[in-house]
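Novice: Got a structure here, written out as structure tokens. Questions coming.
Derivation of every value follows stated rules applied to the coordinates shown; laboratory data play no part. Everything quoted here is computed from the prediction, not taken from an experiment. Cβ: placed from backbone, ideal geometry, glycine included. Neighbour counts: every protein chain shown.
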Amino acid sequence: MSIIEAIILAIIEGITEFLPISSTGHMALVSAWMGIQDDTFTKLFEIVIQFSAILSVLVLYWRRFIDIRSWQFYAKMLFAIVPALAFGALLKDHIEDLLGRPLVIASILVAGGVILLFVDGWFREVSTTQHDDISYRQAFWIGCYQVLAVIFPGLSRSAATIIGGMQQRLSRPLAAEFSFFLAVPTMFAASAKSLYDVYREAPAVLSTDNLLLLLLGSVIAFVVALVVIRFFIVYLQRNGFQVFGWYRILAGLLMAGWILAGN
């Protein structure tokens, strides 16, 4: 992976991480388009910069995360991440196999887009608008929706958990913010496991040059995500998900056409 390729992937990650359009899917498809080798370092790079982008949540919502008096906040996060961590560990090989199939990811992008066209109409009833009012049951079921993104790379973790939140009668902005919070422990666990696996099985991958690429990509993804997350919350307060649905459908169809054309 070259420096330019690392920068492009980091920008894409920062833009797409919190939008319901699948950062994993976009990085996998763009990697295939640029001809980046699908090797151990590429997989590690994509996971680590995802976590770096998600760290922007800690900057914007630091009061929520450092309020140790609010122990229930941490307990609800634990309830919500258990399903994804369990399935992620069990389906690691399945996930890596799907990520190596751009046509499958393009198809999931389209399918997820169709869902987003209708989701605003499906979940109109709102009963929860404040973080402290989210119940343990709601947190757990939102976490179960996150499992769908684990099973189907390209679906979008953000889309799955936001839809799960709305199904549990959270307001759109609250569902999005809870999705952001849920991403922090989930991606921390995924990044830590990936780094540990690489260190144990292929330590040569963690060369000085590769570590510098990781650092560069992490910083860029973090800064870009910091801007995007503010935009997304403001947008959701005034609009729905249809524009993201149409985008996913268009992007998925264009990518499928490009792949089937033999490129």
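Novice: Between 0 and 90 degrees, rounded to the nearest ten: what's the tilt of helix 157-167 against the longest Cα principal axis of the chain?
Specialist: On a 0 to 90 degree scale, this one is about 20.
Novice: What order, most packed first, do the peptides 248-256, 50-58 have when packing is the mean number of other Cβ atoms within 10 Å of each residue? Before the final figure, lay out the partial values.
Specialist: Values: 248-256: 19.8, 50-58: 23.2.
The densest-packed peptide leads the list: 50-58, 248-256.
Novice: I've got another one for you. Can you give me the pair-distance distribution of the chain, C-alpha pairs, 10 Å bins, whole percents?
Specialist: Reading the bins upward from 0: 7, 31, 38, 19, 4, 0.
Novice: While we're here: Can you give the calculated 222 nm mean residue ellipticity of the chain, where each DSSP H run of n ≥ 4 adds -39,500 (n - 2.57) and the sum is split over every residue, rounded to the nearest 500 deg cm²/dmol?
Specialist: Working: 13 runs with 207 residues, N = 263.
Value at 222 nm, helices only, nearest 500: -26000 deg cm²/dmol.
Novice: Can you tell me, using C-alpha contacts under 8 Å and at least 6 residues apart, the relative contact order of the chain as a whole percent? Before the final figure, lay out the partial values.
Specialist: Values: 382 pairs, mean separation 98.4, N = 263.
The value is 37 percent.
Novice: Now for a separate question. Across the stretch 239-245, in residue order, what do the Karplus-derived ³J(HN,Hα) couplings come to in whole Hz, using 6.51 cos²θ - 1.76 cosθ + 1.60 with θ = phi - 60° and x for Gly and Pro?
Specialist: 9, x, 9, 4, 4, 6, x
Novice: Just to check I understand the Karplus step: with θ = phi - 60° and J = 6.51 cos²θ - 1.76 cosθ + 1.60, what whole-Hz values come out for the stretch 75-86, glycine and proline as x?
Specialist: Going residue by residue, I get 5, 5, 4, 4, 4, 7, 8, 4, x, 5, 5, 5 Hz, with x marking Gly and Pro.
Novice: When the Karplus curve 6.51 cos²θ - 1.76 cosθ + 1.60 is applied with θ = phi - 60°, which whole-Hz ³J(HN,Hα) does each residue of the stretch 103-119 get, with x for Gly and Pro?
Specialist: Ordered by residue, 3J(HN,Hα) equals 5, 5, 5, 4, 5, 5, 4, 5, 4, x, x, 4, 4, 5, 5, 10, 5 Hz.
Novice: Semi-axes of the stretch 177-245's equivalent ellipsoid from the Cα gyration tensor, sqrt of 5 times each eigenvalue, largest first, rounded to whole Å? Mind dumping the intermediate values first?
Specialist: Numbers: eigenvalues 211, 45, 18 Å².
Over the Cα atoms of the stretch 177-245, the ellipsoid semi-axes are 32, 15, 9 Å.
Novice: Please order VAL119, VAL59, VAL228 by the number of other Cβ within 10 Å, starting at the fewest.
Specialist: Neighbour counts put them in this order, fewest first: VAL59, VAL228, VAL119.
Novice: Say each of SER127 and GLN37 gets a label point 7 Å from the Cα, pointing the same way as Cα to Cβ; how far apart are those two points in nm?
Specialist: It is 5.5 nm.
Novice: Hey, can you rank 173-186, 26-39 by average C-beta count inside 10 Å, highest first? Mind showing how you got there, number by number?
Specialist: On the way: 173-186: 22.7, 26-39: 17.8.
The most tightly packed comes first, giving 173-186, 26-39.
Novice: Give me the net charge for the shell around PHE244: Cβ to Cβ below 13 angstrom, other residues only, Lys and Arg +1, Asp and Glu -1.
Specialist: Around PHE244, the charge tally is +1.
Novice: Still on this structure, I have one more. Most exposed first by the Cβ proxy, i.e. fewest other Cβ within 10 Å, how do TYR196, TYR235, TYR74 rank? Write down the numbers at each step before the final one.
Specialist: Values: TYR196 10, TYR235 17, TYR74 13.
With the fewest neighbours first, TYR196, TYR235, TYR74 line up as TYR196, TYR74, TYR235.
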